[in-house]
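Report on one structure; see the data block that follows.
The values are calculated or read from the model by the stated rules, or taken from the named source; none is laboratory data. Small disclaimer: the values here were computed from a predicted structure and weren't measured. We place every Cβ from the backbone using ideal geometry, glycine too, and count neighbours over all the protein chains shown. Just so you know, the surface numbers come from the protein's heavy atoms only, side chains and all, with ligands and any DNA or RNA stripped out. Shrake-Rupley method; radii C 1.70, N 1.55, O 1.52, S 1.80 Å.
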Amino acid sequence: KIIPLFPTFFCENHLDLDNQPIIDFCYEEMKKTPGRIYSNQGGWQSDDYPQCPQPLVPLFSAVEKIMEDVRKHLGMRPDHIQKVMTSWININRQGNWNQYHTHTGASLAGCYYVKTPQNSGNIQFFNPSFAASELIPVPIREHPVMYNSVLESFVPQAGVLYIFPGYLPHMVAPNESPEDRISIAFNTNPMRIC
């Protein structure tokens, strides 16, 4: 009897949004501030937006609807919601990347891809159980299964939204395209509703 213990939640959604106004907003924001350095190696990252900027309202309205389904899948009580607490913009030019990190303090995190030229760098998620690689070492692994997986890599596509636990380690490989890769990231936490 094989029982999968402690699976990791991961959600992928394809959103039907007009990304051009979001792209325009991102570039306007980049002109206003020098940005910050967090996980980004090169590129530009905005400061946190504690409230949703107007051009991102369609995106976060879609996120709120998805979060209702997420709440049910995670077994959360109906008097609570997953509320977006902060969001920020990532613009990675050629050669820029995001190093291995987690979203400390966030129950769930998310990343929406706005612009993704070909070869703009995969997003890579790592098994949060650091001992997982000891089960079946790579040299003797015939093929990946959920019990021996230590890394999952996704090719970013414009219009795709990923939602995952804030504790799930991840990174984004270098952008090899001469065009920018743009994403909107956010953190959520549970909040009681009246």
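Structural remarks
- For the chain, accessible area per residue (1.4 Å probe, heavy atoms of protein chains only), Å²: 57 Å²
- By accessible area, using a 1.4 Å probe on protein heavy atoms only, the chain has 57% of its surface on carbon and sulfur.
- Using a Gaussian network model of the chain in which every pair of alpha carbons under 10 angstrom is joined by a spring, one finds that among Gly105, Gly121, Gly75 the greatest mean-square fluctuation is at Gly75.
- Longest DSSP-loop-exposure-free segment, chymotrypsin sites (Phe, Trp or Tyr not before Pro), the chain, at most 15 other Cβ within 10 Å: 39-146
- Shape class of region 91-139 from the Cα gyration tensor (axes a ≥ b ≥ c, square roots of the eigenvalues): oblate, since a/c reaches 1.5 or more and a/b does not exceed b/c.
- Judged by the ratio a/c of the largest to the smallest principal axis of the C-alpha gyration tensor, region 115-182 counts as prolate, that ratio being 1.5 or greater while a/b is larger than b/c.
- Length-normalised contact order of the chain in % [C-alpha pairs under 8 Å, at least 6 apart]: 33 percent
- GNM flexibility winner over the chain from Asp24, Asp16, Asp79 (Cα, springs under 10 Å): Asp79
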